[in-house]
Every structure is written in C-alpha cells, then in structure tokens.
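Q: Before I ask anything, let me first share the structure, which is written out below as structure tokens.
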Amino acid sequence: MKMKKKMKKKKKIKRWMPFSLILAGAMTMIPMSACTSGKNSAGRVFGSGKIKKAKAIEFWHSMSGDKSQVLNDLVDDYNKDATATGRLPVKLQFTGTYTDGINKLRLAVMANRPPHLAQIYEIGTQQLVDSGAVIPLEELIAGDSDFGLEQMLPQVLQYYTVRGKLYSLPFATSNPVIYANGNALEAAGMTTPPDTFEGLEEACPKLADLIKGRTCLTLPLTSWLFEQSLARQGALLVDKENGRIGVSGEAIYAGAEGRFFFDFLRRLSDAGMFANTGRSWDPPVENFMAGRSALLVTSTSDVFVLGQRAKFPVVVGRFPVRANLGSVISSGTILGGNSIWAMKGRADGEMKQAYQFVKYLASAPVQRRWHVNTGYFPIRKDVIGALEAEGFYTANPNARVAVDQLLAAPDSAAAKGALAGVFPELREHVENAMEEALAGKDGSGPSLERAQAKSSRALQRYRKLL
Amino acid sequence: MRKGTNGLPVFSSRLLATCLLLVPAVLHGFPIFYMLSVSFKEAAEAYKFPPSLLPSHPVLTNYSDALNAAPLWQFMLNSLIAALGITAIQMLTSILAAYALARIEFKGRKIVLGFVVAMLMVPSEITIVPNYLMMVRTGLIDTHLALIAPFSASAFGIFLLYQFFSGVPRELEEAAIVDGASRMRFLFQILVPVSMPAIVAFGVFAFVSAWNQYLWPLVVTQSTAMRTVQVGVGMFRSEQEATSWGMVMAATSILVLPSIALFIATQKQFVRGLVSSGAGVKG
C-alpha cells in the first residue's frame, strides 16, 4: 500500500518533469534541481505530507494593477455571502507575473501544498494538462445542470478543451485589436482603422506625421501577435493540428504565412513608420497614448482604460486580415488571457466548495461586472445578449469589436490556437526571430527557420518526456 | 600656486574631479528625480510626450491611491523585519566564520575556504526549491522566519571579512593573548572594532540585497499581511496592459525611503569599508 503511494508520487513528479525543460531565463535551473531532489526524496519526505484542513479556499492569481481591484471586489462580495450561508470564504493570493505564478504553483505541487484554485496563463494549458496535478473542470461540473455550460461561448471553451475535455474555466479572456488615434484618422480622411494589412500599409504614410515625430504603428514584439497573424491566414503554429489532436513535435510556422507578418513589420520599419519599442507591453501603449503613434495593436483588455485616459478620441478596429486570401480566409483570432484551474491534492469537501466559487465566477452577474470593468470579454452568451439589449455596445462601440471578433472565430485548428507544453520557449524563439528580422540583413526567412528548428527541438524534447 | 601630488593645481584638479563625478551622479540621480516627478503627475500627464520634467498640476492623489490600494506600511514593516534580521544574522555568522578561516589553523581550512569562494558563484535562485521544501516541512511558510532563515550565512560576507581580518596585523592578537584575552574576547573587543568599516559596509550591502529580494518572498509568503515591499510593488505593476504610472511611482517613492535613509546614515562607513577592504587584499 505504502509502496503504491510512493510509486504514485514518483509518477506525479515525473509527470512534472517536462516542466523542467520549459522555462527560459533566470528560472531555468530551478525546476531541474527540483525534479531531481523531489524524485529522490519524494516518498520519504513528502509522502506523508498531509495538508491541514483549510479555513478558506486558496485562490492564486496574477492580476495586478486596476484589475486586481476588480477581482478583490468580486471576492469580497462572495465572502460576504459565504459566512452567512456557512460556506468557506475565498482567500486571494497574488503570485506575481504569470510566469512567477506557474513557477510558484509547480513548487507548491512538488511540496504537496497546492492551492485549491490557480489562475494560469493560456500558454500554460498543455503543461497543466500533462502534469496530472489538476482536476479537469468538466469533472467538477459533472452532475450539476445549472452551471450554465450551455450559455458559455463555444469560441471560448474550445481553447481550454483538450482532447474533448474542458479543463479549466476561461476567466480573463482577450484578443488583439487595433487602437487608432481618432485625430490622426480624421487628418487622413478615415473614420475607422484599416482592416487589412495591405490597407494599413497603404494608409500609413497618411496616418504618420514624420515631421511631428509621429509614426504610424506601434506594437509589442510579442509572439502572441505573430500567432494571431498566422491564425488570420488560416495557418498553424505547430503540427498535429496545432497540437489539438495529439502532442505536437514539429513547429511549422516558417512558411509564407509566417514570413508575411515579419515582412510587413520590416517594410514599415524601414520606412520609419513602425515604432519598435521591443517586447514589453507597456512602451507601445505609452507611445500611442502620448500621440507618438497613430495606431496601436495590443490586447482588448486595455479598451476601457485607454479610452478614459487618452487625450484624443480612440477608435478600435479588428485585428487586420490579409487581403486576397480567397477561399482560405479565416477571420478568427486566438484567445489570449488566462483560465482558472482546480488542483488535485485537497480534500473533496473543500473542492466542492471551491467549485461553488468557480461557479460564482462563471455566473452571469460576475461575468458582466468583470467585462465592463476590465475590457476582458464575457464568456457567456446571455451577458452579451443583455448588454446588447441595454444598448451598452451602442454606447461603447470599442468594446464591441473584440466580442464581434471572438464570435466570428470559426471552429478551426488555426483559430483555436496552438497547444504546446513548451509554449513559453516557443514564444522566446519567435520573439528572437522577430528582433533579428527587424534588425538583421538576412530577412525574415532565415531567422524564422532558425526559430522553427529550435522550437521543433523543444517540442520533441517535451514529447519524449511524456 | 599650491600644487597637488599629481602636479596639477589643487583647485583645478578638484574641479576636474567634480565635473567627472557629476556625470554619473546625474545619471544615477535622474531616475529618482523623475520617479518623484511622475508620482505627482496626473494620469494623462504621465503619458505626455515629450515628457515634462516637473508636473504642471502637482497632485497628491497618486499617493492616497497607492496607500489605499495596498497596506504599504505593513509591507515596509515586513521588509524591515526581514532585512534587519538577515543583516544581523549574516554579520554575526560572517564575523565568526571569517575569523576562524583567517586566524585559526585547522585541518581542511583551505578546503572550507575554497567552498566559501565557490559558493560566491552559486546564484541564490538555485537554492529556492530545496529551501522551499524545507520551509514547507518545518511549517514555516508564510512567517517572518521563513524570510530570514535561508539567508543566515553569506559567502560574500565571509569572504569580505576574511580578506579584511587577514590584513589586520597578527601582533595585535598576540599582544591581546599575552594580556590574557580569550579568542572570543579578542575577536569582539579588538578585531571587530578595528574592522568596523568593512563590517558596516557588508551590513549595508546585506541590508540592501535583502531589501531588494523578490522571488523568495513571493514564493514563501502567502497572505497579503506577510508580503514585502518588492512583492507589493509587483501588485501595482500591470502585466500585458496599461499601468497607472503615477500610482506605481508614488508607491515606489514611499517604498525606497528606508533604503535611501539607511544609505545616507551609513554613507561614510560604507565608502570607507569598500575602499579599505580593497586595500586589504593581499597580492
């Protein structure tokens, strides 16, 4: 019996092994040592690790700034009712950035002290599925007919549905949109930002004002936007249908579709129309807000904040498509953001309570508050319907764009987005390639191919470990 | 005209030195100045380009927002407890270890010293996993002790003081022992006072690096009431979205105060310590 337990534990730790290969940067060496030390001593040291009965549901999250306030309020409201109804209250714990958060979760699982619930970024999905340390949301919902799953948007659920099973609750979901400086649009004789890459390139000289030092476009050099451009062309990032029908072992993004976005940026950059501020998300926003760039491409989650703080009218448009795509036109964008995971290792009774909280977060009133206060879009049809009926989107057309874009996403592997256990590393390679392609002499092809080869190696390494 | 040792007139060599030093001083001082400036700016002005050096309508709302958004004073208290605790313990262990290595002949001394030097090259991030598991096992997670305990010894401190102690004339110790002092008495009544500059310099260094820790406090604390300053700042800074810079800068301005105060208070010893420990290195 004891042996069995030991074996199980060993297996669990082994299943987290792929994790160790994933992280780039300063954390690279930690999971490695973690796994070796865990493997040797797991049974002895942590096998008996009993977790004390919880006085509260622990919920680890990575929301900071204005959004953490909204989340705090939601939890406070839940807790107010909780004491009256004899339910466990929820204790929020901020775990740093998304990367810090998943690292901390990994440590906690190894030490057998997981929280009940954890909020993890979308690119951590495959890792968590493979870890064996989570309870699929579908299993928690089983038998509860009033969870409202039928009200949830299929376009949202499909991202977190792995091999036919819904694993986590999509919570803060977003997609990229294009923000335009209304004054610059007006000066160029336009009312909305261009909706194709080609149109954008054509309009750029009119939108930019190089004498005043205003560039046309600014965006963070993040792989997320590159992935979106692939999806828009109906192309895939990795094989096995973007990792949706099996564990992918090959990156396939260096084709013509991949080069398209790189070349687009390079041409604008060479013409002095693109403000390259590197990979961070903040500088492009500041560039745009200061009126130094006419257009900004970033997440829809900024839609309300930017509208309120800008000193000029902000007009939001859809993420551009490629013109003349003919029959393969895909109007989908891939979901971004994060979802909420239920962790194994806590008492069943507590997990039932945790489920109640998940249900609360998924409920229509909460989804509505979350949407109108943050800019992340709601995951429910009834919320969108009600807001529409009340004229919310007529009053806030900018908020409507991301929702429309989401609803237009087809049920295709490209629009679903890729799953990969080594996603953070893939992003690193793509972003390196982006920088190389913008700065280097040898163009987009070679840099993309190098990145693709490195990504494929990482994918294969991960697959071997499973 | 008076001439300096290098042949230049004293006045002009001073002027030259001042001018040269002014460049790094401005480079280092400007971010702090700008942080203060932004902390008084309204949200829209924080985004203005070209940025204004001084806020056109100074406001205090950023400070009240920051103080309302998170228990900054509690963060500061936690950081102080952790940093002072780490500093005190590290100073003590470093003094004892450095003395033993510098002055007591024992078997394997060179090897121990070699380990200490090797430890200098181990980034503390590597030890996070074993440390974390140890804290879980001992039930110390989410306590002040967990913030302090893993940093009870410092290879840098031992090495720095070892260098310094080695430079102190042996005759001093021989004289003390002839006068009947025990080793401990000599160490704490003679060697430590003589080595004050190096010890204080190390203390300030230990304090600042403990104060600036981010990853460990993030991992090992759970409740908001146990969070330290650096983790607290992380709560203000948004990832992947627009940040309210005024509020972040207000919070940061409040949170850097203790470090700056400590440095001002110990500036003299700090500089002297760094200079003299360098001079104490034997060729």
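Any read-out appearing in this document is the output of simple, stated calculations on the displayed coordinates, not a laboratory observation. For clarity, every value in this text was computed on a predicted model and none was experimentally measured. Don't worry about glycine lacking a Cβ; one is built from the backbone with ideal geometry, like all the others, and counts go over all protein chains shown.
Q: May I ask you to list the residues in segment A:263-309 that are crowded, with 18+ Cβ neighbours inside 10 Å, more than 13 Å from chain B (Cβ to nearest Cβ) and assigned to a loop (DSSP other than H, G, I, E, B)?
A: Those that are crowded, with 18+ Cβ neighbours inside 10 Å, more than 13 Å from chain B (Cβ to nearest Cβ) and assigned to a loop (DSSP other than H, G, I, E, B): A:Met273, A:Asn276.
Q: Exactly one condition in (1) surrounded by 11 or more Cβ atoms within 10 Å (Cβ to Cβ); (2) assigned to a helix (DSSP H, G or I) is false for B:Pro58; which is it?
A: Result: B:Pro58 fails condition (2) only.
Q: Only one residue in B:Ile128, B:Ile81 is farther than 30 Å from B:Leu36 by Cα and either in contact (Cβ under 8 Å) with a residue 24 or more places away in the chain or part of a loop (DSSP other than H, G, I, E, B) (or both), so which one is that? Before the answer, list the steps.
A: Working: B:Ile81 fails: farther than 30 Å from B:Leu36 by Cα.
It is B:Ile128.
Q: Kindly provide the set of residues from segment A:151-186 that are farther than 30 Å from A:Met289 by Cα, outside any strand (DSSP E or B) and charged (D, E, K, R), ordered by number.
A: Within segment A:151-186, just A:Arg163 meets the criteria.
Q: Taking the stated definitions as given, is B:Glu105 over 19 Å from B:Gln222 (Cβ atoms) and within 14 Å of another protein chain (Cβ to nearest Cβ)? Spell out the reasoning first.
A: Working: over 19 Å from B:Gln222 (Cβ atoms): yes; within 14 Å of another protein chain (Cβ to nearest Cβ): no.
So B:Glu105 fails the test.
Q: Could you tell me whether any residue of segment B:91-107 is aromatic (Phe, Trp, Tyr), touching a Lys or Arg at 6+ places or on another chain (Cβ under 6 Å) and not in a loop (DSSP other than H, G, I, E, B)?
A: We begin by selecting, within segment B:91-107, every residue aromatic (Phe, Trp, Tyr); these are B:99, B:106.
Going one step further and asking which of them are touching a Lys or Arg at 6+ places or on another chain (Cβ under 6 Å), we end up with none.
The answer is no; no qualifying residue exists.
Q: Within segment A:383-395, track down each residue that is touching a residue at least 12 places away in the same chain (Cβ under 8 Å) and surrounded by fewer than 16 Cβ atoms within 10 Å (Cβ to Cβ). I'd like the intermediate steps shown before the answer.
A: Looking only at segment A:383-395, we keep the residues that are touching a residue at least 12 places away in the same chain (Cβ under 8 Å), and these are A:383-384, A:386-387, A:392.
Answer for segment A:383-395, where residues must be touching a residue at least 12 places away in the same chain (Cβ under 8 Å) and surrounded by fewer than 16 Cβ atoms within 10 Å (Cβ to Cβ): just A:Ala386.
Q: Just one of B:Gln222, B:Gln189 is farther than 30 Å from B:Gly29 by Cβ and within 9 Å of another protein chain (Cβ to nearest Cβ); which is it?
A: Matching residue, one of B:Gln222, B:Gln189: B:Gln222.
Q: Another question, if that's okay. Applying the selection to segment A:50-66, what residues are surrounded by fewer than 17 Cβ atoms within 10 Å (Cβ to Cβ) and either assigned to a helix (DSSP H, G or I) or not aliphatic (A, V, I, L, M) (or both)?
A: Scanning segment A:50-66 gives A:Lys50, A:Lys52, A:Lys53, A:Lys55.
Q: Considering A:Thr161, A:Thr125, which residue is away from chain B (no Cβ under 14 Å), closer than 30 Å to A:Pro320 by Cβ, surrounded by fewer than 24 Cβ atoms within 10 Å (Cβ to Cβ) and of a type in the set (Ser, Thr, Tyr)?
A: Numbers: A:Thr125 fails: surrounded by fewer than 24 Cβ atoms within 10 Å (Cβ to Cβ).
Matching residue, one of A:Thr161, A:Thr125: A:Thr161.
Q: Something else about it: Residue by residue through segment B:156-183, note down the ones that are in a helix (DSSP H, G or I) and touching a Leu at 6+ places or on another chain (Cβ under 8 Å). Walk me through how you get there before you give the answer.
A: Taking segment B:156-183 as the starting set, the residues that turn out to be in a helix (DSSP H, G or I) are B:156-167, B:170-178, B:183.
B:Phe156, B:Ile158, B:Phe159, B:Tyr162, B:Phe165, B:Leu172, B:Glu173 - these are the residues of segment B:156-183 that are in a helix (DSSP H, G or I) and touching a Leu at 6+ places or on another chain (Cβ under 8 Å).
Yes/no per residue for (1) surrounded by 16 or more Cβ atoms within 10 Å (Cβ to Cβ); (2) more than 17 Å from the chain's Cα centre (by Cα); (3) part of a helix (DSSP H, G or I):
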site	(1), (2), (3)
B:Arg185	no, yes, yes
B:Phe202	yes, no, yes
B:Ala225	no, yes, yes
B:Gly234	yes, yes, yes
B:Met249	yes, yes, yes
B:Leu262	yes, no, yes
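Q: List the number of the failed condition for A:Leu140; all other conditions in (1) outside any helix (DSSP H, G or I); (2) touching a strand residue (DSSP E or B) at 6+ places or on another chain (Cβ under 7 Å); (3) away from every other protein chain (no Cβ under 14 Å) hold.
A: Only one criterion is unmet by A:Leu140, namely (1).
Q: Now, a different point. Output the residues belonging to segment A:67-92 that are surrounded by fewer than 20 Cβ atoms within 10 Å (Cβ to Cβ) and within 9 Å of chain B (Cβ to nearest Cβ).
A: A:Ser68, A:Gln69, A:Lys91
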